[in-house]
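Q: Can you keep this structure in mind? I'll have questions shortly.
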């Protein structure tokens, strides 16, 4: 087996990924990489040995993240996409096509169920989610994406489906029975009214509108679909499009659509992934939103997609995802940490990530 990457190659990786968190000096990172090299050369699994060597110096929250690696070794992702009734041929065609495009993008990334047309009934949706509840484990992930029309009468939000509609409260009740972490992307009109019912710990909720009073047909879904097709949505260039990256991509594209057409925006998307707040348009470490969404991979592209189907690289891919999650979490903890400790932990994680990436690139 080839030796670990040179310190210089680690530093190129650090330069690429630090971004706005450029508090880490190259000298400090080089010294950290050199220490990691020494440890790495003594084991067949350098990354795991390195992570263990720094265990006692890592913040307790990050220790929990390390333990999560073993739990996610055999994690599964369940995708359910629902295209509600259009009411008019134009909308029927649009909603069905969006559902097909989503299915095409995520195919091969997990277990996929797509409901559209006369098959997108309340009973079929209920059955699909209950099947997942029976099969899913705590370490698994569930992604529910809804396109179509929604309604809000001041009391109940509903997704309009063939036959009986389903309310936000009913949908939340079914989802609450699934033990896995969840992402709900509700792209219907009036979808903001569903956020209060759907929000919960370990569930990221994205809505196309900020409230139930934004009742016009939305275009957010168009750009969410586009985010799953456009490599530019991968803002951090790690070849994984996260829920947060797709949200920001669709958010920016939707806003630009209204601006470029000189139209008053009739929809304002929202995100809530803490289970506690009312959501916000923007997610950042400053307002505490976006951490779960940033750690929710929607799909892999490029070499990461190939690695996901290569048994020899799957373990490395899991290590990479775990390290990236720890880096994201560290950024959200930055304000509560001494700057020196933050720099040290970031340096450790980035150099570990560089080594895993080097192995994946071979």
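Q: Counting other beta carbons within 10 Å of each Cβ, put 106, 146, 166 in order, fewest first.
A: Numbers: 106 19, 146 29, 166 22.
With the sparsest Cβ surroundings first, the list reads 106, 166, 146.
Q: If I take the Cα coordinates of the range 77-186 and project them onto the principal axes, what are the three extents in Å, biggest first?
A: For the range 77-186, the Cα spread along each principal axis is 40, 34, 19 Å.
Q: Counting other beta carbons within 10 Å of each residue's own, what order do 268, 149 fall into, fewest first?
A: 268, 149
Q: Obtain the radius of gyration and the Kirkwood radius of the range 77-300 from its C-alpha atoms and give Rg over Rh.
A: Details: Rg = 15.8 Å, Rh = 17.1 Å.
Rg divided by Rh gives 0.93.
Q: Nearest 0.05, what FRET efficiency do residue 123 and residue 216 give at R0 = 30 Å with Cβ-Cβ as r?
A: Using R0 = 30 Å, I get an efficiency of 0.55.
Q: Then there is this: Starting from the exponent 0.38 and prefactor 2.2 Å, build the expected Rg for the range 314-362 from its residue count and divide its actual Cα Rg by it. Working shown, then result.
A: Numbers: Rg = 11.9 Å, N = 49, 2.2 N^0.38 = 9.7 Å.
My calculation over the Cα atoms of the range 314-362 gives 1.23.
Q: Further question on the same structure: When 224, 98 are ordered from fewest to most other Cβ atoms inside 10 Å of their Cβ, what list results? Please list the in-between numbers first.
A: Values: 224 29, 98 21.
Ascending number of Cβ neighbours within 10 Å: 98, 224.
Q: In percent, what relative contact order does the range 79-233 have, based on Cα pairs under 8 Å that are 6 or more apart in sequence?
A: For the range 79-233, the relative contact order is 23 percent.
Read the figures in this text as sums done on the coordinates, not as results from a lab. This structure is a prediction, so every number in the text was calculated from the model and none was measured. Methodologically, a virtual Cβ is constructed for each residue, glycine included, from the backbone with ideal geometry; neighbour enumeration extends over all protein chains shown.
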